[in-house]
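Q: Please read through the structure below; I'll follow up with questions.
Just so you know, all these numbers are worked out from the coordinates, no wet-lab data involved. Predicted, not measured: the structure shown is a model, and the values here were computed from it. Cβ coordinates were reconstructed from backbone atoms using ideal geometry, including for glycine residues, and neighbour counts include every protein chain displayed.
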Ligand SMILES: CC(C)(COP(=O)(O)OP(=O)(O)OC[C@H]1O[C@@H](n2cnc3c(N)ncnc32)[C@H](O)[C@@H]1OP(=O)(O)O)[C@@H](O)C(=O)NCCC(=O)NCCS
């Protein structure tokens, strides 16, 4: 019987993570973003789905700040989430999101944002309404947020610098 586990990513997983990201997205941009976020020290929670020793899924939450007046509130951004195509629809994406949320909450994080399909992320509690008042270059239907505790509802979302260079690439 095969065994799937969700665990923290380790330095040994880097090449396997790159491949999962490339296979899932069909391009290299997301794999490059992951490397840049990790190298930049901006990763907050990074997990892999491990099926009998093979990395078949990956999720990364990176540091993001909500800037409001003179204050800067630490939050996290979910990106990217990737599952090896041959494993799609088997619950791995959902398992990665839920386990990451448990770890983020345990670490005291109170706010997460994501840019993605509301039909997918809504099931994990992300909502468009919670993100609607943020100021962001990515403001729009795909921007959603999830708060586990008190956190700002307004302010400017400042992503890790790797997002800027990834988009420019
Ligand atoms: C999105 C992704 C991570 C989901 O992983 P997964 O392991 O297949 O997801 P799960 O098995 O947990 O969930 C499958 C469910 O999500 C739905 N789903 C998958 N992608 C979706 C999308 N883009 N929009 C809406 N629903 C989606 C499936 O239809 C399925 O629905 P069901 O539960 O009602 O049958 C995976 O499809 C993937 O790697 N895609 C390419 C990369 C990508 O788009 N990442 C997200 C970027 S924001």
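Q: Filter segment 75-93 down to residues that are within 6 Å of the ligand (Cβ to nearest atom) and more than 12 Å from the chain's Cα centre (by Cα), then give me how many there are.
A: 6
Q: Look at segment 57-67 and say how many of its residues are within 16 Å of the ligand (Cβ to nearest atom) and surrounded by fewer than 23 Cβ atoms within 10 Å (Cβ to Cβ).
A: Looking only at that region, the number is 0.
Q: Now a separate question. Taking only segment 113-137 into account, find how many residues are away from the ligand (no atom under 15 Å from the Cβ), surrounded by 14 or more Cβ atoms within 10 Å (Cβ to Cβ) and assigned to a helix (DSSP H, G or I).
A: Counting residues in segment 113-137 that are away from the ligand (no atom under 15 Å from the Cβ), surrounded by 14 or more Cβ atoms within 10 Å (Cβ to Cβ) and assigned to a helix (DSSP H, G or I) gives 1.
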